[in-house]
Amino acid sequence: DYIEKADPKAAIIELRNVIQIDPKHADARYQLGKLHLESGDMRAAFDELQRAATLDPQNLDAGVKVAEFYLMAKNKEESRNRLTKVLEVDPAYPDGLALLANLEIIDGNFEAAQKALDTVPAENGGTDRFYNIQGRLFAATEQFEESEKMFIKALEAGPEKISNYRTLLLFYQSRKMLDKADEIMNKIDSTFPDDIQAQLLKVNYYRTLKDNEKTVMAIRRLMEIQPEEEQYRLMLASFF
């Protein structure tokens with residue numbers, strides 16, 4: 001009830017009460033881990049999700065999230081171990097296959113990455129997430145035209161996500177396709193005019209281009225959106 005009412009603090013208290021009564025209550029630990037993840041408390045999230053995955057191996061989402069934590073910590077071996085347990089339960093689990101494909105791309109195992117993507121059920125494959133992974137794989141194998149098509153499809157599938165714009169922007173920057181990069185930057189600006197992440201993206205983009213005037217404008221926009229934040233005034237001072 002508290003989660004539905006968007007009261008995570010109260011929900012956390014109740015979940016801790018459950019765990020006090022029953023330390024092996026896997027679902028309570030899973031729900032608690034997700035709440036910590038949403039609040040940005042990564043250490044607490046990892047601890048609870050790890051326990052949830054150990055207590056209930058059928059909780060595939062918990063298992064994948066733990067594997068992702070290990071990958072972020074650059075422990076690829078343990079990430080693979082955790083992921084293997086997930087895919088043993090369900091070899092076609094989409095989140096597990098997505099992480100496996102990413103792992104294989106990182107390790108340069110491109111055929112294995114494609115195999116993982118080909119295993120994704122058809123009803124799950126046409127999403128921005130899998131288009132982005134396929135785009136990364138094409139880019140890694142220098143199939144740049146196909147890579148661009150996949151990143152565009154990802155943006156079309158998830159136009160509400162700034163991450164999809166960022167991926168295509170970085171692709172164009174890396175390929176020195178500055179006209180197209182400018183076009184995407186303008187779309188970001190018009191689609192997310194009051195979004196902090198969008199403005200930070202603008203700052204970094206124009207800094208890379210050494211466009212001082214537009215860099216200053218982007219930083220000043222950050223100051224307008226969050227005038228109480230000192231960090232943006234410091235950013236501007238540092239830039240000057």
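The values are calculated or read from the model by the stated rules, or taken from the named source; none is laboratory data. Everything quoted here is computed from the prediction, not taken from an experiment. Glycine gets a Cβ as well: all are built from the backbone with ideal geometry, and neighbour counts include every protein chain shown. Ligands, DNA and RNA are stripped out before the accessible areas are found, and what is left, the full protein with its side chains, is counted by its heavy atoms. Shrake-Rupley method; radii C 1.70, N 1.55, O 1.52, S 1.80 Å.
Go through the range 186-225 residue by residue and tally those that are surrounded by 13 or more Cβ atoms within 10 Å (Cβ to Cβ) and either of a type in the set (A, V, I, L, M) or assigned to a loop (DSSP other than H, G, I, E, B) (or both).
17
I'd like the full set of residues that are among the polar types (S, T, N, Q) and under 24 Å from R233 (Cβ atoms), limited to the range 179-207. It would help to see each step written out before you state the result.
Filtering the range 179-207 for residues among the polar types (S, T, N, Q) gives 186, 190-191, 197, 199, 204.
Once the filter is applied, which keeps residues that are among the polar types (S, T, N, Q) and under 24 Å from R233 (Cβ atoms), the range 179-207 yields Q197, Q199, N204.
Under the condition of being in contact with a Phe, Trp or Tyr (Cβ under 6 Å, 6 or more places away or on another chain) and aliphatic (A, V, I, L, M), which residue from the range 57-84 is least open to solvent (accessible area, probe 1.4 Å)?
Once the filter is applied, the top-ranked residue is A62.
Residue check: is A28 in a helix (DSSP H, G or I) and in contact with a Leu (Cβ under 8 Å, 6 or more places away or on another chain)? Talk me through it step by step, then tell me what you get.
On the way: in a helix (DSSP H, G or I): yes; in contact with a Leu (Cβ under 8 Å, 6 or more places away or on another chain): yes.
In short, yes.
Can you name every residue in the range 1-13 that is assigned to a helix (DSSP H, G or I) and surrounded by 15 or more Cβ atoms within 10 Å (Cβ to Cβ)? Outline the logic, then answer.
Initial filter on the range 1-13 (assigned to a helix (DSSP H, G or I)): 8-13.
Those that are assigned to a helix (DSSP H, G or I) and surrounded by 15 or more Cβ atoms within 10 Å (Cβ to Cβ): P8, A11, I12.
When you scan the range 47-56, how many residues do you find that are buried (at least 23 other Cβ atoms within 10 Å of the Cβ) and either in contact (Cβ under 8 Å) with a residue 40 or more places away in the chain or not small (G, A, S) (or both)? Step through it out loud before you land on a result.
First, pick out the residues of the range 47-56 that are buried (at least 23 other Cβ atoms within 10 Å of the Cβ): 48-49, 52-53.
Cutting the leftovers down to either in contact (Cβ under 8 Å) with a residue 40 or more places away in the chain or not small (G, A, S) (or both) gives us 48-49.
Qualifying residue count, the range 47-56: 2.
So, E77, is that one over 29 Å from R29 (Cα atoms) and either over 15 Å from the mean Cα position of the chain (by Cα) or not aromatic (F, W, Y) (or both) or not? Explain how you work it out, then say what you get.
Numbers: over 29 Å from R29 (Cα atoms): no; either over 15 Å from the mean Cα position of the chain (by Cα) or not aromatic (F, W, Y) (or both): yes.
So E77 fails the test.
Please specify each residue of the range 113-124 satisfying the condition of being in a helix (DSSP H, G or I) and surrounded by fewer than 15 Cβ atoms within 10 Å (Cβ to Cβ).
Step one: of the range 113-124, the residues in a helix (DSSP H, G or I) are 113-119, 122-124.
Scanning the range 113-124 gives K115, D118, A122, E123.
Scan E14, E48, E111 and give me the residue that is of a type in the set (D, E, K, R), under 24 Å from the mean Cα position of the chain (by Cα) and over 30 Å from E123 (Cα atoms). Full working, then the answer.
Numbers: E14 fails: under 24 Å from the mean Cα position of the chain (by Cα); E111 fails: over 30 Å from E123 (Cα atoms).
Result of the check over E14, E48, E111: E48.
Going through the range 125-146 one residue at a time, which ones are of a type outside the set (D, E, K, R), open to solvent by 50 Å² or more (accessible area, probe 1.4 Å) and in a helix (DSSP H, G or I)?
Y131, F144
Suppose we filter L35, L99 for residues that are open to solvent by less than 20 Å² (accessible area, probe 1.4 Å), in a helix (DSSP H, G or I) and more than 18 Å from I133 (Cα to Cα); which single one remains? Don't jump to the end; show me each part of the working.
Details: L99 fails: more than 18 Å from I133 (Cα to Cα).
From the options L35, L99, the qualifying one is L35.
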